[in-house]
């Protein structure tokens, strides 16, 4: 998105106008001493674009300001936004001035409310009701419109972030922005599109509808089951009291019999039914007896065969003796005895062979009898297990009255009929949308690989400042939204030390990310980057860097070289975006370094804004307060 900040404007209470100008396609550097208000400029930009709270200091800044303003260009539109100063309780102001043609008034006045102004800016950010949060969280509701302010996380690196080892985006201490980052990242990088969000929203809605319909279907089926069970219970009780024939072919026939009972209210002769029940019970007994008899016979015959087998085993030596006794002794009597034994053995062997002493197949007969018994049992299930008698005729007619009322209820059944066609249509539509989504979806992994390739280019340009990590490869942790480095050939990222390396990782990450956004032609992220002191790691330890009073002359030459490398990478990025993509890009950097750094390196895209904030010059210069 083409976005250029031309001026920061402060309307002071003493009627003076403080203006700081910035240039397009330049690295705009505001440099100077600590405590001069450089970093507050980020907060003023944020405040003018509808911040709900502000970090603008009261001392020296807010106590001297009536209105804060920004003159900027967005998508070839020239705008001015001004917002009233914080009140005495440091509450944000609801007062806004807006010029749709970029006019800067001598003194702003309220001419638009916040919601109206937001609508104008949202339109330029391509934000509409279709650009919604894809899934909800504690602070963000699924389906709610995305705030364009969330995309500013891609445009700033505050002092707390720029050399952080584990945080790569601003405002991650704000739960709302922390939730927003993973929800807008795919949209900001072109992994996802508004069209896909709309499709996903429709898919989500259809899935909810389908779940609702399936639940409704189950409820209706349960009601129908209950309806059916109640009906069968009435039939069963009527048969127990012998009010309708016990034997019937179907539930439908039973209902007809119930209706006949109600219509005629006469007693039924159930003798025929009882006779039928007696016949079935008799047949059941006969079949059970036959099955028991067959099983008993099988057991007896098995014992007989076992006994004969034992006898056969005892006679087996006879054959051997018969064949060899002549070698021992010759006796006609003994020979006859052995012949008799041998004949007996052959007879027994024949008896216990596989031949059965009867012609029928006993197992088949048993199976047939058991099947027949099961059929009889099922027939018996249609009859009540016992019959009941009424104490008197009154009870009988009361029960018939109950049957009548229930029959009327069932006959006038108002149970809802489930619309299968509606469910089927929604499921077909869901499949069609999923198919369409699959065609439209960009492979996330390919985009992440592209981002890593782009970051690698800037790491290569910064290699002389990375020390031991100069040949390391970038890994973007998609889940955590952080950049990591890994040694070539390693499968796990390294633990990178040194705030200098962390700062370069942040710079390379943001440059690679913006090139990806431009390459993907994403309309939501402004092509601007605001950095708060990239030289921060070179001004002493963590405590000292918070109050950067260290003289530039005391910064080591090695650190000065690293700072120069960083600014050269930023300088070359402007050239690259202009020539490679034909796009504009603007950077604004707050620093402590002298102008000589980029002058001596001949970095033509790096310029000094205003003049250095030293010797009384500041965000609000001393001579402006008189």
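Read-outs: derived from the displayed coordinates by stated rules, not from any lab. Every value quoted in this text rests on a predicted model; they were computed, and no experiment measured them. For neighbour counting, all protein chains shown are included, and Cβ atoms are generated from backbone atoms with ideal geometry for every residue, glycine included.
Report Rg/Rh for segment 91-239, rounded to two decimals, where Rg is the Cα radius of gyration and Rh the Kirkwood radius.
1.29
At q = 0.20, 0.25 Å⁻¹, work out log10 I(q)/I(0) for segment 158-233 with the Debye formula, treating every Cα as an identical point scatterer and leaving solvent out; two decimals please.
Taking Cα atoms of segment 158-233 as identical point scatterers yields -0.94, -1.08.
With the crude spin-label approximation of a point 7 Å out along Cα→Cβ, what separation in nm comes out for residue 289 versus residue 230?
So the two model labels end up 4.7 nm from each other.
Restricted to Cα positions, what overall size does segment 569-626 have along the principal axes? Three whole-Å values, descending.
Between the extreme Cα coordinates on each principal axis of segment 569-626 lie 49, 24, 13 Å.
Which ordering of 22, 297 is given by a fewest-first count of other beta-carbon atoms within 10 Å?
297, 22
How much length, in nm to one decimal, is gained on full extension between residue 408 and residue 14, taken as 0.36 nm per residue of separation minus their Cα-Cα distance?
132.8 nm
For residue 103 and residue 608 in the same chain, what is the full-extension length gain: residue separation times 0.36 nm, less their Cα-Cα distance, in nm?
Length gained between residue 103 and residue 608: 179.3 nm.
How big is the shadow of the Cα convex hull of segment 70-129, averaged over all directions, in nm²?
Values: hull surface 18.9 nm².
Spelled out: convex hull of the Cα atoms, projected over all directions, averaged, 4.7 nm².
Once the Cβ-Cβ distance between residue 220 and residue 75 is put in as r, and R0 is 60 Å, what FRET efficiency do you end up with, to the nearest 0.05? Each step should come with its number before you reach the end.
Values: r = 54 Å, r/R0 = 0.91.
Calculated value: 0.65.
If you take the alpha carbon radius of gyration of segment 1-74 and divide it by 2.2 N^0.38 Å, what ratio comes out, to two decimals? It would help to have the intermediate numbers written out before the result.
Numbers: Rg = 12.7 Å, N = 74, 2.2 N^0.38 = 11.3 Å.
Output field value: 1.12.
Suppose each label sits 7 Å from its Cα in the direction of the beta carbon; what would the residue 431-residue 263 distance come out to in nanometres?
4.8
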